[in-house]
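What follows is calculated from the coordinates using simple rules that are stated; it is not laboratory data. Please read these numbers as outputs of a predicted model, since none were measured by experiment. Here Cβ is always computed from backbone atoms with ideal geometry, including for glycine, and neighbour counts include all displayed protein chains.
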Amino acid sequence: MPVEHVGCDADKAFLTVACHERPGHIQRIGNDADRIDQWLSGLPAHSVLAVEATGTCHQVLLERAVRHRLPIYLLNPRDVRHYAESLRRRAKTDRVDAQVIARYVARERDNLRPYVPLPAASARLLLLLRRRASLVQSLTAVKLSADDLVMPEKDALYVSFKALLKALDQQIDELIAQDQRRARQREQLRTIPGVGPLSSAALVSLFWRLPDITADGLIAFIGLDPRPRESGSFRGQRKLSKRGDPELRRLSYMAAKTFARHDLGRALYERYRQRGLSAIATYVILARKILRLAHALITKDTVFDADRFATACART
């Protein structure tokens, strides 16, 4: 039977749905479990769905599609936006977005991976880490805008933020501690200089979600892989792809800065600086080294060996 590729644009109240094989056929469905179930039940058996990652608006559709055993793809909004620009779509509406998503999954499906639901504990850990990152960003924005205010209410707000972050950290610690394997992985990661409680929890979450990821895949997933710029004889400056989770990228970079102050990392940092690399470029290199170390420790089920690392660095 022919496959129908269905694109969904999600907001809090509705799903706007388009089918690539039926141009002009647009539906608007309530974004709740009952209405989505009713709609999914009427789709052809060989339907393929796709939706952009938009906060939490797409979550109900993902859950119901999995329950109905329909393949669904969770797309990166930036990829879909660039794809729409390549099609010279001038309008930006729910209807147009749904049509672009349907066309995208129809043409690029072979290069995409279908959505697979996470185990409940892994999904909960990921949610807590993302909520914490969002709160830190909000606290930073508040501090920048209210730094010059001399008001007791400001101090009370800071205290509330810190209390909330502390409570989130406690929930993250308790969740990881409930799983013996994840707790051991976190302790193994903490043996790497520069890897602290938060960065180790984020890496545990990543390895939990992607147990078969390679070291190169780990670096690329976080967005610390260099993107070549070459054309003919032209060789442009390479820059980071910066694809993937920005919070994991930030934590890896901060871990590298801490590692550079450690006895092992300081010598390596100074060596790269003497080669003419900037401080930022050096921290990125150290971040990639930390990620490769983390991958090695998890895959080999071992802890960081400082002497072995120092010997390896002396040869490079």
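Per-structure values
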| item | result |
| --- | --- |
| Listed candidates [x] 16.9; [y] 15.6; [z] 22.3 - label of the one calculated as mean projected area of the Cα convex hull in nm² | [z] |
| Gaussian network model of the chain, springs between alpha carbon atoms under 10 Å - residue of Ala201, Ala255, Ala141 with greatest fluctuation | Ala141 |
| For the chain, calculated [θ]222 nm from helices alone, where every DSSP H run of n ≥ 4 adds -39500 (n - 2.57) | -19000 deg cm²/dmol |
| Set of lysines near Lys92 by C-alpha distance (under 21 Å), chain-local residues within fewer than 8 positions excluded | Lys12 |
| Net length gained if the chain between Lys162 and Ser233 were fully extended (0.36 nm per residue, minus Cα distance) | 20.2 nm |
| Hits among lysines - C-alpha to C-alpha of Lys166 under 22 Å, sequence gap 8 or more where chains match | Lys143, Lys154 |
| Test item: Cα-centred dipole of the stretch 172-316, Lys/Arg +1 and Asp/Glu -1 on Cβ, debye | 720 |
| Those trypsin sites (Lys or Arg not before Pro) in the stretch 62-99 that DSSP places in a loop and that have at most 12 other beta carbons within 10 Å | Arg69, Arg88, Arg90, Lys92 |
| Long-range amide H partners of Tyr73 with built H, under 5 Å | Leu49, Ala50, Val51, Tyr115 |
| Cross-link reach list, lysines versus Lys239, counting only Cα pairs under 24 Å and skipping chain neighbours closer than eight places | Lys257, Lys289 |
| Antiparallel DSSP beta bridges within the chain, percent to nearest 5 | 60 |
| Rounded to whole Hz, the Karplus (6.51, -1.76, 1.60) HN-Hα couplings of the stretch 90-98, x for glycine and proline | 7, 8, 10, 10, 4, 4, 5, 4, 4 |
| Acute angle (nearest 10 degrees) that the helix 152-177 long axis makes with the longest principal axis of the chain, alpha-carbon atoms | 90 |
| Max mean-square fluctuation residue, GNM over the chain, Cα-Cα springs under 10 Å, options Leu125, Leu164, Leu203 | Leu164 |
| Stretchable slack from Ala312 to Gln170, in nm (0.36 nm times residue separation minus alpha-carbon distance) | 47.4 nm |
| Degrees, to the nearest 10: 180-190 long Cα axis against longest axis of the chain | 50 |
| Fewest-first sequence of Cys19, Cys57 by Cβ atoms within 10 Å of each Cβ | Cys57, Cys19 |
| Computed label-point distance, nm, for sites Asp212 and Arg81 using a 7 Å Cα→Cβ extension | 3.2 |
| Using alpha-carbon coordinates, inclination of helix 246-260 to the longest axis of the chain, degrees | 10 |
| Shape call, the stretch 180-316: gyration tensor on alpha carbons, a/c limit 1.5 | oblate |
